[in-house]
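Reading through the structure tokens given below for one structure.
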Amino acid sequence: MNQFVARANIDHYLGLLDGGLLPQNRSTITKLLIAEEDKLSHDLEQLEFAENRAANGRLRLNHVRTLLDSFALDTPEREQAGRLLVNLENLQTLLEDFCHRLRAQITSRGP
């Protein structure tokens with residue numbers, strides 16, 4: 001049950017971080033996300049969960065990069081897409097770090 005709640009919280013926090021948050025709120029949500037990630041037991045099932053979220057994040061990044069390139073320079077739409085891209089890149093770094101931590105813990109345990 002605890003893993004279900006942690007996964008649900010992670011998905012909720014990822015959704016919040018995808019949106020436009022104030023910097024102080026983004027920092028708080030990021031800390032909550034990391035705390036939920038730490039609650040998950042470190043096994044292959046959790047690694048698969050983390051890797052799926054990271055793969056989805058890479059798809060979102062590619063979509064926003066394409067979107068950014070479709071807007072003319074010096075337009076409000078391009079600026080907004082640029083801010084979204086920066087937020088998603090930061091979020092993707094968190095997701096990739098989570099995957100690396102889980103992989104390292106699983107590898108260190110051995111067979």
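The values are calculated or read from the model by the stated rules, or taken from the named source; none is laboratory data. All figures in this text were calculated on a predicted structure; none of them were measured in a lab. Glycine also receives a Cβ, built like all others from the backbone with ideal geometry; neighbour counts cover every protein chain displayed. Heavy atoms of the whole protein, side chains included, go into the accessibility calculation; ligands, DNA and RNA do not. Shrake-Rupley method; radii C 1.70, N 1.55, O 1.52, S 1.80 Å.
Could you tell me how many of the residues in region 13-27 are assigned to a helix (DSSP H, G or I) and surrounded by 14 or more Cβ atoms within 10 Å (Cβ to Cβ)?
The qualifying residues number 6.
Within the group Val86, Val64, which residue is open to solvent by 60 Å² or more (accessible area, probe 1.4 Å), assigned to a helix (DSSP H, G or I) and either more than 16 Å from Ile106 (Cβ to Cβ) or in contact with a Pro (Cβ under 6 Å, 6 or more places away or on another chain) (or both)?
Of the residues listed, the single one that is open to solvent by 60 Å² or more (accessible area, probe 1.4 Å), assigned to a helix (DSSP H, G or I) and either more than 16 Å from Ile106 (Cβ to Cβ) or in contact with a Pro (Cβ under 6 Å, 6 or more places away or on another chain) (or both) is Val86.
Go through region 90-105 and give me each residue that's open to solvent by 70 Å² or more (accessible area, probe 1.4 Å) and among the acidic types (Asp, Glu).
Of everything in region 90-105, just one residue is open to solvent by 70 Å² or more (accessible area, probe 1.4 Å) and among the acidic types (Asp, Glu), namely Asp97.
Among the residues of region 34-54, which ones are open to solvent by less than 40 Å² (accessible area, probe 1.4 Å), farther than 22 Å from Leu84 by Cβ and among the aliphatic types (A, V, I, L, M)?
Matches in region 34-54: Leu40, Leu47, Ala50.
So, Arg78, is that one farther than 30 Å from Asn2 by Cα, part of a helix (DSSP H, G or I) and of a type in the set (Lys, Arg) or not?
In short, yes.
Residue under question is Gly57, and the condition is that it be part of a helix (DSSP H, G or I), touching a Leu at 6+ places or on another chain (Cβ under 7 Å) and open to solvent by less than 50 Å² (accessible area, probe 1.4 Å); does it hold?
Yes; evaluated as a whole, the condition is true for this residue.
Among all residue pairs at least 6 apart or on different chains, which show Cβ distances below 9 Å where the first residue, located in region 89-111, is without any contact (Cβ under 8 Å) to a residue 12 or more places away in the chain and within 21 Å of Gly15 (Cα to Cα) and the second is open to solvent by 70 Å² or more (accessible area, probe 1.4 Å) and assigned to a helix (DSSP H, G or I)?
So the pair list comes out empty.
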